[in-house]
Amino acid sequence: DVKVTQSSRYLVKRTGEKVFLECVQDMDHENMFWYRQDPGLGLRLIYFSYDVKMKEKGDIPEGYSVSREKKERFSLILESASTNQTSMYLCASHRDPLVEQYFGPGTRLTVT
Amino acid sequence: DAKTTQPTSMDCAEGRAANLPCNHSTISGNEYVYWYRQIHSQGPQYIIHGLKNNETNEMASLIITEDRKSSTLILPHATLRDTAVYYCIVRVKGGNKLVFGAGTILRVKS
């Protein structure tokens, strides 16, 4: 059974903290993605990666960075968390060509 | 990628067919129609996709009109577990990105 796992389901951090969200997939997929989902705004793409050590900005990269040192792992980093980064964060992966994108369960991050 | 239009919400009785419409009047010849759904507190899940022929799998059927300007996702016997947000996405096959709109909230009621 294919799996995308995320390190935490719920996370509470303080403003200014550095936050790491980890995502691991066991399907040997080349492509990995980070989205955030907010009520009324749908899913918005933050960053994606199509290979190890490669990354591309999505639609809303400001305030975020990513790291992909191994094929199976894609990390999202909030360098200095702010309250407007309170959101549901979803990781996804797929192989080429894109037909089915597999999503993790999500991390609900609250920044206070 | 072409824009899609879906109703905001729909209700369906348990055991009945759920028919979810999607308009994509600006679809191009090489663009596919994809359907995903998102059950509460979970990540989106792929359901089905098609180009111009009708498609069926174990989860659903996809009916695409002859002019390809609209499509309908059919869940033949909806259950309470099918309550979710359903997203219709139009895009070329391959590439990197899926663009999710607001989707349709389907509520299956007993």
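Does B:GLU58 meet the test of being within 24 Å of A:PHE103 (Cβ to Cβ), out of contact with any strand residue (DSSP E or B) (no Cβ under 9 Å at 6 or more places or on another chain) and surrounded by fewer than 20 Cβ atoms within 10 Å (Cβ to Cβ)? If you could, list the steps in order and put the result at the bottom.
On the way: within 24 Å of A:PHE103 (Cβ to Cβ): yes; out of contact with any strand residue (DSSP E or B) (no Cβ under 9 Å at 6 or more places or on another chain): yes; surrounded by fewer than 20 Cβ atoms within 10 Å (Cβ to Cβ): yes.
Answer is yes for this residue.
Out of B:ALA60, B:ALA84, I need the residue that is closer than 29 Å to A:THR107 by Cα, touching a Lys or Arg at 6+ places or on another chain (Cβ under 6 Å) and modelled with pLDDT of 95 or more. Which one? Walk me through how you get there before you give the answer.
On the way: B:ALA60 fails: touching a Lys or Arg at 6+ places or on another chain (Cβ under 6 Å).
None of the others qualify; the one that does is B:ALA84.
What single numbered condition from (1) in a strand (DSSP E or B); (2) at pLDDT 95 or above; (3) within 25 Å of B:TYR36 (Cα to Cα) fails to hold for A:PRO61?
Evaluating A:PRO61 over (1) in a strand (DSSP E or B); (2) at pLDDT 95 or above; (3) within 25 Å of B:TYR36 (Cα to Cα) leaves (1) as the failure.
What are the residues in region A:16-28 that are within 25 Å of B:TYR87 (Cα to Cα) and under 15 Å from the mean Cα position of the chain (by Cα), if any? Give the derivation first.
Of the residues in region A:16-28, the ones within 25 Å of B:TYR87 (Cα to Cα) are A:23-25, A:27.
Selection gives A:CYS23, A:VAL24, A:GLN25.
If you scan region B:76-104, which residues turn out to be within 29 Å of A:ARG36 (Cβ to Cβ), away from chain A (no Cβ under 12 Å) and touching a residue at least 60 places away in the same chain (Cβ under 8 Å)? Don't jump to the end; show me each part of the working.
Looking only at region B:76-104, we keep the residues that are within 29 Å of A:ARG36 (Cβ to Cβ), and these are B:80-104.
From what is left, the residues that are away from chain A (no Cβ under 12 Å) are B:80-84, B:86, B:88, B:90, B:104.
B:LEU80, B:ASP82, B:TYR86, B:CYS88, B:VAL90, B:THR104 - these are the residues of region B:76-104 that are within 29 Å of A:ARG36 (Cβ to Cβ), away from chain A (no Cβ under 12 Å) and touching a residue at least 60 places away in the same chain (Cβ under 8 Å).
Tell me, which residue of region B:56-71 that is assigned to a strand (DSSP E or B), touching a Ser or Thr at 6+ places or on another chain (Cβ under 8 Å) and more than 14 Å from every other protein chain (Cβ to nearest Cβ) is farthest from B:SER28 (Cα to Cα)?
Restricting to residues being assigned to a strand (DSSP E or B), touching a Ser or Thr at 6+ places or on another chain (Cβ under 8 Å) and more than 14 Å from every other protein chain (Cβ to nearest Cβ), the top hit is B:ILE63.
Restricting attention to region A:56-71, and to residues there that are more than 21 Å from A:ARG14 (Cα to Cα) and crowded, with 18+ Cβ neighbours inside 10 Å, which single residue is farthest from the other protein chains (Cβ to nearest Cβ)? Steps first, please.
First, pick out the residues of region A:56-71 that are more than 21 Å from A:ARG14 (Cα to Cα): A:56-60, A:67-71.
Those still in the list that are crowded, with 18+ Cβ neighbours inside 10 Å too: A:58, A:68.
On the way: A:GLY58: 8, A:ARG68: 14 Å.
Looking at the filtered set, the residue picked out is A:ARG68.
Matching residues to (1) small (Gly, Ala, Ser); (2) at positive phi; (3) not in a strand (DSSP E or B):
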position	(1), (2), (3)
B:GLN42	no, no, yes
B:HIS49	no, no, no
B:LEU73	no, no, no
B:ALA78	yes, no, yes
B:ARG81	no, no, yes
B:TYR87	no, no, no
B:VAL90	no, no, no
B:VAL99	no, no, yes
B:VAL108	no, no, no
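Restricting to region A:6-31, give me the number of residues that are modelled with pLDDT under 95 and part of a strand (DSSP E or B).
Residues in region A:6-31 being modelled with pLDDT under 95 and part of a strand (DSSP E or B): 1 in total.
If we scan region A:38-50, do we find a residue that is buried (at least 18 other Cβ atoms within 10 Å of the Cβ), in a loop (DSSP other than H, G, I, E, B), within 11 Å of chain B (Cβ to nearest Cβ) and within 11 Å of the chain's Cα centre (by Cα)? Walk me through it before giving the result.
Step one: of region A:38-50, the residues buried (at least 18 other Cβ atoms within 10 Å of the Cβ) are A:43, A:45-49.
This time we only want the ones that are in a loop (DSSP other than H, G, I, E, B), so: none.
For region A:38-50, residues buried (at least 18 other Cβ atoms within 10 Å of the Cβ), in a loop (DSSP other than H, G, I, E, B), within 11 Å of chain B (Cβ to nearest Cβ) and within 11 Å of the chain's Cα centre (by Cα): absent.
Return the residue satisfying two criteria in turn: it lies in region A:72-111 and is polar (S, T, N, Q) and part of a strand (DSSP E or B), and of such residues it is farthest from the other protein chains (Cβ to nearest Cβ).
Let us first name the residues in region A:72-111 that are polar (S, T, N, Q), namely A:75, A:80, A:82-87, A:93, A:101, A:107, A:110.
Narrowing the set further to residues that are part of a strand (DSSP E or B) leaves A:75, A:87, A:93, A:107, A:110.
Numbers: A:SER75: 17, A:SER87: 14, A:SER93: 11, A:THR107: 10, A:THR110: 15 Å.
Checking each candidate, the answer is A:SER75.
The values are calculated or read from the model by the stated rules, or taken from the named source; none is laboratory data. Since the structure is predicted, the reported quantities are computational estimates derived from the model, not experimental observations. Cβ: placed from backbone, ideal geometry, glycine included. Neighbour counts: every protein chain shown.
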